[in-house]
Amino acid sequence: MSDRPHVLIVGASGLFGTRVVRLLANRRTLRISLGGRSESRAVTTLQREVALLDAMGGFGFVPIDRDAVTAGQLSGIDVVVDCAGPFQNSRTVLIEACIAAGVHYVDIADGRGWVEDTRRFDAAAKAAGVAVITGASTTPALTHAVVAALTAGWTAIDTIDVAVVPGNRTPKGRSVIAAILSWVGQPVTVFREGRWQKARGWTGLRWVALDGAGRRRASLSEVPDLDALPRAFAPRVRSQFDAGMELGVLHWLIWLSGLAVRMRVARSATAFSGVGHWVAMQLDRYGTDRGGMVVDVTGADASGEGRMGRWSLLATDGDGPYVPVLAAAAITEMLVSKPVDAGARSAAGIVALPAMLEWIGERHITTSQLAGREVPLFRRVMEERFDRMPAVTQRLHRGRPAIVAKGEAAVSGSPGALGGVIARLFGFPTREGSVPIEVVIEARDGCEYWTRYFGGTAMRSTMRKGAAGLIEESFFLFTGAMRLEERTDGLDMVLVAGRLGRVPIPRMLLPRIRATERVDAEGRHVFDVEIGLPVLGRLVAYNGWLAV
């Protein structure tokens, strides 16, 4: 036993610590110590369990406080794996002690600030000859490996979307709930629509389809991936990470706690950690133990053709908590088995996807991967008529990869005060005159999401396939159904019906919309759009050109 590398698991009796211990014990190559503040019944139970897996594994208990540990307490240890959490706003005493003792350090942190901040230990770790690796968890380690596998050989990446949706009956600890609530309702910086933007944690609800688990709600989460994926893969348009609860009531309760933060009723949603854990335990018997994650990417392959890829993972029978520790187990074994570069860095890119997935073993976890091309929305609506339009017009409406086009526009607002109010309500530009314009088109879930930046002011709409060969475009509560009329020099979009919410609008009350697209002598995409209302007249008009 003394010849084996010695690994100390801090927080060994917790939700994720127990899983790391079991995975490593199955290897039968390490001496493993169980670290924690006090020896509890949970520790004793775990010791009996893993002793049956590896009689020579040791599994002795080591009293240790991650916020007060000294280098001397780590004597004889080769690797420390910190599973204690939550890492948001935690102290770095354990990292400093590891560096001072010459011990490798790994953690399963999913705190964005924590993973970024620990880079400051790089010089000290190199001087000590040890590795300090943070984020050896679902994010950013597993997600980075998945995106790398999906996009191998691609020449460009447009969008990256990650969603984690656990089952309600999957075990959950108090520290997990506290970690989530630490950023709920707080400002979050995220890369989308081709630029860095501010949003709020646990907003932007979307539905995620997970094979074997159905549709789940997901909202914006603050995790290391929001920095790591744009840094590593440079997507042109978007990189986002969402998470959600299987039970709608829990998802909306978390959103309400974020609303309290936004309304300044509470400084942080962590104020609701106690009641949140109590509610989660009361509802623990509802829902399923089926959860997982989905990673969607779009971009261009080696030939420049639009590509899409999807990787999904499904965990059942309560095995979901093993997913966040696959990377930690793989990296720990790597640290004790071969030379590793010293320094402090995130776990993103350290272990490839196959090396992580081999740790699944007999757990009830399955993965799948799909790749292909998506038929653009306008081609699906127009069918063979799409090919009758000029090449420039086709390029703008090709869907994937995502489109980013820049040019200039002349904008005219409403001549009346009421029209101006309505224009602002629907997100139409109100700044008049000549302005630079940038159009970002994202295709996902069968729709196209259009963002038009007029001198920095965003105008957003969503397009989808309608009935009878029509295309629908939604602005706020209004949805217009339009007929697409192809031309040899461009495209006309003619409004034929509309509704507010689900209520049809009589034809005589329909907005007045003119929307034409042409190609000018310089080969640029030229547009001319005017939107107005009966009696009130023009709400907005804009025309100009785009380089596509």
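The values are calculated or read from the model by the stated rules, or taken from the named source; none is laboratory data. It should be emphasised that the depicted structure is a prediction, and the values quoted were computed from it without experimental measurement. No Cβ is skipped: glycine too gets one built from the backbone with ideal geometry, and neighbour counts run over all protein chains shown. Only protein heavy atoms, including side chains, enter the accessible area calculation; ligands, DNA and RNA are left aside. Shrake-Rupley method; radii C 1.70, N 1.55, O 1.52, S 1.80 Å.
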| request: Evaluate segment 309-317: report whether one residue or more is surrounded by 17 or more Cβ atoms within 10 Å (Cβ to Cβ) and over 20 Å from the mean Cα position of the chain (by Cα). | output: yes
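Can we say Gly185 is part of a loop (DSSP other than H, G, I, E, B), open to solvent by 40 Å² or more (accessible area, probe 1.4 Å) and at positive phi?
Values: part of a loop (DSSP other than H, G, I, E, B): yes; open to solvent by 40 Å² or more (accessible area, probe 1.4 Å): no; at positive phi: yes.
In short, no.
Condition (residue is within 13 Å of the chain's Cα centre (by Cα) and not aromatic (Phe, Trp, Tyr)) applied to segment 248-257: is it met by at least one residue?
Our first condition is that a residue be within 13 Å of the chain's Cα centre (by Cα); within segment 248-257, this holds for none.
Within segment 248-257, none of the residues are within 13 Å of the chain's Cα centre (by Cα) and not aromatic (Phe, Trp, Tyr).
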| said: Taking the conditions exactly as written (of a type in the set (Gly, Ala, Ser), within 15 Å of the chain's Cα centre (by Cα) and surrounded by fewer than 22 Cβ atoms within 10 Å (Cβ to Cβ)), does Gly204 satisfy them or not? | reply: yes
| What about Arg499, is it closer than 26 Å to Gly416 by Cα, open to solvent by 20 Å² or more (accessible area, probe 1.4 Å), outside any loop (DSSP other than H, G, I, E, B) and touching a residue at least 40 places away in the same chain (Cβ under 8 Å)? | no
| request: Sort out which residues of segment 207-222 are open to solvent by 10 Å² or more (accessible area, probe 1.4 Å) and under 11 Å from the mean Cα position of the chain (by Cα), and write them in order of number. | output: Glu222
| query | Considering segment 270-296 alone, what residues qualify as being of a type in the set (A, V, I, L, M, F, W, C) and either modelled with pLDDT under 95 or surrounded by fewer than 17 Cβ atoms within 10 Å (Cβ to Cβ) (or both)? | reply | Ala271, Phe272, Val275, Trp278, Val279, Ala280, Met281, Leu283
| Give me the pairs: first residue in segment 253-282 and closer than 11 Å to Arg174 by Cα, second residue open to solvent by 40 Å² or more (accessible area, probe 1.4 Å) and assigned to a loop (DSSP other than H, G, I, E, B), beta-carbon distance under 8 Å, and six or more apart or on different chains, which are they? | Ala280/Lys172
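It is to be established whether one or more residues within segment 371-384 are in a strand (DSSP E or B), surrounded by fewer than 15 Cβ atoms within 10 Å (Cβ to Cβ), under 23 Å from the mean Cα position of the chain (by Cα) and touching a residue at least 60 places away in the same chain (Cβ under 8 Å).
Initial filter on segment 371-384 (in a strand (DSSP E or B)): 371-372.
Now narrow it down to the ones that are surrounded by fewer than 15 Cβ atoms within 10 Å (Cβ to Cβ): 371-372.
Right, trim to under 23 Å from the mean Cα position of the chain (by Cα) and you get 371-372.
Add one more test, that the residue is touching a residue at least 60 places away in the same chain (Cβ under 8 Å), and what stays is 371-372.
Yes - at least one qualifying residue is present in segment 371-384.
If you check Leu46 against the conditions, is it in a helix (DSSP H, G or I), in contact with a strand residue (DSSP E or B) (Cβ under 9 Å, 6 or more places away or on another chain) and closer than 27 Å to Thr143 by Cα?
On the way: in a helix (DSSP H, G or I): yes; in contact with a strand residue (DSSP E or B) (Cβ under 9 Å, 6 or more places away or on another chain): yes; closer than 27 Å to Thr143 by Cα: no.
Taking the combined requirement at face value, the residue does not satisfy it.
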| Which numbered condition Gly111 fails, given (1) modelled with pLDDT under 95; (2) more than 30 Å from the chain's Cα centre (by Cα) | (2)
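Can you confirm whether Leu23 is aliphatic (A, V, I, L, M) and either under 15 Å from Gly58 (Cβ atoms) or modelled with pLDDT under 95 (or both)? Break it down into steps so the answer makes sense when it comes.
On the way: aliphatic (A, V, I, L, M): yes; either under 15 Å from Gly58 (Cβ atoms) or modelled with pLDDT under 95 (or both): no.
For Leu23, the condition - aliphatic (A, V, I, L, M) and either under 15 Å from Gly58 (Cβ atoms) or modelled with pLDDT under 95 (or both) - is not met.
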| remark: Only one of Arg398, Arg460, Arg431, Arg464 is under 23 Å from Arg238 (Cβ atoms), part of a loop (DSSP other than H, G, I, E, B), of a type in the set (D, E, K, R) and open to solvent by 40 Å² or more (accessible area, probe 1.4 Å), namely Arg398
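Please determine whether any residue of segment 307-317 is under 26 Å from Arg192 (Cβ atoms) and out of contact with any strand residue (DSSP E or B) (no Cβ under 8 Å at 6 or more places or on another chain).
Checked against the condition, which is being under 26 Å from Arg192 (Cβ atoms) and out of contact with any strand residue (DSSP E or B) (no Cβ under 8 Å at 6 or more places or on another chain), segment 307-317 yields no hits at all.
Residue check: is Ala409 buried (at least 20 other Cβ atoms within 10 Å of the Cβ), touching a Gly at 6+ places or on another chain (Cβ under 8 Å) and of a type in the set (Gly, Ala, Ser)? So that I can check it myself, show each step before the final result.
On the way: buried (at least 20 other Cβ atoms within 10 Å of the Cβ): yes; touching a Gly at 6+ places or on another chain (Cβ under 8 Å): yes; of a type in the set (Gly, Ala, Ser): yes.
Here the answer is yes, as Ala409 does meet what is asked.
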| request: May I ask you to list the residues in segment 525-548 that are open to solvent by 40 Å² or more (accessible area, probe 1.4 Å), part of a strand (DSSP E or B) and farther than 21 Å from Phe475 by Cα? | output: Val526, Trp545, Ala547
| remark: Reported set for segment 227-254 where residues are of a type outside the set (A, V, I, L, M), within 22 Å of Gly113 (Cβ to Cβ) and assigned to a helix (DSSP H, G or I) is Asp227, Pro230, Arg231, Phe233
